[in-house]
Amino acid sequence: MSPRGVFARERPLDPGKALVRFEMANLPRKADSSNTTPKVVLRVLRMLEPPTPKDAEIASLIFKEGQLIQKYDVRTGMTTGPWSTTRMVDDRFVLPSSRKLLEETYLRGINPP
């Protein structure tokens, strides 16, 4: 996986390449909330290729082996929680049809038909 262009920057981020897997996780509905909702997330299993030296600092915040991939806010320079499937327009990671299939597959056990 190499999500170039995921982050609004003057140049694309080159975080390297990683082996990842989709998982289901219960994430807070809102920040600082105890109410959760199941979401499809990505976990970094192993880094296959390191990021470029220019991008190493940001990539180390977002992509850590064994951890969930984090959303990154370029305005604040901080992570904002795990990346998850979303219906927002700015979801450039997964196409809407693929997202729907992932959610149906991974979340089916949570919400049986």
Here the residues within the range 53-81 that are at pLDDT 85 or above and of a type in the set (Lys, Arg) are Lys64, Lys71, Arg75
Only one of Pro38, Pro28, Pro15 is at pLDDT 75 or above and in contact with a helix residue (DSSP H, G or I) (Cβ under 8 Å, 6 or more places away or on another chain). Can you tell me which? Pro38
Does Val44 count as out of contact with any helix residue (DSSP H, G or I) (no Cβ under 8 Å at 6 or more places or on another chain) and closer than 20 Å to Ser98 by Cα? yes
Residues satisfying the stated conditions in the range 13-58, i.e. among the charged types (D, E, K, R) and within 19 Å of Thr80 (Cα to Cα): Glu23, Arg29, Lys30, Asp32, Lys39, Arg43, Asp55, Glu57
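The values are calculated or read from the model by the stated rules, or taken from the named source; none is laboratory data. As the structure is a prediction and not an experimental result, all values here were calculated from the model. Using ideal geometry, Cβ is built from the backbone for each residue, glycine included, and neighbour counts are taken over all protein chains shown.
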